[in-house]
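Read the figures in this text as sums done on the coordinates, not as results from a lab. Given the structure is predicted, the values throughout are model-derived calculations rather than measurements. Cβ placement follows ideal geometry from the backbone for every residue including glycine, while neighbour counts extend to all protein chains displayed.
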Amino acid sequence: MSTIIDDAILDVETWLDDVVIGLNLCPFAATPRKNKQVRFTVSQALTEEVLLADLYAELTLMSQTPAEEVETSLLIVPDMLNKFDDYNQFLDLADALLEEFEWDGIFQIASFHPDYCFAETDIDSIENLTNRSPYPILHILREATLEKALEKMTSPDEIFKRNIETMNELPDEKIKALFPYLHLSS
């Protein structure tokens with residue numbers, strides 16, 4: 001019998017494998033996943049203070065663990081920040097935490113949310129699917145690894161454009177299969 005935590009991790013692993021890696025939305029994700037260097041952690045926080053403490057603990061663990069063991073971490077937040085605006089505001093606190101403990105330039109936090117909406121886009125815009133996940137997620141990335149990977153790419157700024165094209169080419173049935181947790185209008 002699985003727990004809520006196990007279910008959340010399984011949902012995020014499926015999303016990572018089928019959407020992020022399966023659609024090649026992030027060309028850097030497949031290798032750490034294959035090498036078992038992706039850490040999945042569920043925060044059971046119900047307040048910003050507890051979630052900041054969980055984020056601090058995850059950042060501390062990553063700062064003390066070699067990238068060969070933990071390249072990246074996904075902190076899954078199933079019990080709060082369900083509104084995208086609340087999540088977006090929390091990102092300011094997360095960035096302040098990075099600065100306070102001098103982790104800016106070492107780590108960065110990528111954002112994923114079930115209702116993710118890029119600035120200047122309509123909530124129903126297909127491009128938002130590139131950052132929509134089963135739960136709010138604080139994805140901790142190592143800056144050095146990201147910089148190294150970007151150096152090897154000929155045009156890294158094309159990733160976003162390619163991702164939008166990928167989403168636009170998906171048939172509605174495939175979108176519904178890949179994003180069963182979203183309430184998409186047909």
Heads up, the stretch 80-186 by the C-alpha gyration tensor (a ≥ b ≥ c square roots of eigenvalues; a/c under 1.5 rounded, else a/b over b/c prolate, else oblate) looks oblate
Separation of the E49 and D122 label points, Cα + 7 Å toward Cβ, nm:
4.3
For S73, which sequence-distant residues (separation of 5 or more, or a different chain) have an amide H within less than 5 Å of its own amide H, given hydrogens modelled in the peptide plane?
R39, I140
For V42, other-chain or 5+-apart residues with amide H closer than 5 Å (H placed, Pro excluded) are I76
Loop trypsin sites (Lys or Arg not before Pro), the stretch 107-186, which have at most 14 other Cβ atoms in a 10 Å radius of their Cβ (DSSP):
none
List the lysines whose Cα lies under 23 Å from the Cα of K174, skipping any in the same chain that are fewer than 8 positions away.
K161
Of [x] 11.9; [y] 11.2; [z] 9.5, which one was derived for mean projected area of the Cα convex hull in nm² from the structure shown?
[y]
Can you list the aspartates and glutamates whose alpha carbon is less than 18 Å from that of K36, not counting same-chain residues fewer than 8 positions off?
D6, D11, E13, D17, D18, E58, E68, E69, E71
Part-to-part distance (alpha-carbon centres) for the stretch 119-168 and the stretch 1-57, which is given in Å:
16
Each residue of the stretch 138-152 in turn: what ³J(HN,Hα) in whole Hz from Karplus with 6.51, -1.76, 1.60 and θ = phi - 60°, glycine and Pro shown as x?
9, 9, 8, 10, 8, 4, 4, 5, 4, 4, 4, 5, 5, 4, 7
What distance in nm lies between label points placed 7 Å from Cα along the C-beta direction at Y56 and L91?
2.3
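Can you give the net charge of the other residues whose Cβ lies under 12 Å from the Cβ of N88, counting K and R as +1 and D and E as -1? Don't jump to the answer; show the numbers that get you there.
On the way: positive: K83; negative: D85, D86, D92, D95, D115.
Residues close to N88 contribute a combined charge of -4.
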Towards the positive end of the charge dipole of the chain, with charges on Cβ (+1 Lys, Arg; -1 Asp, Glu), say which of S63, I164, Q108 has the farthest Cα.
I164
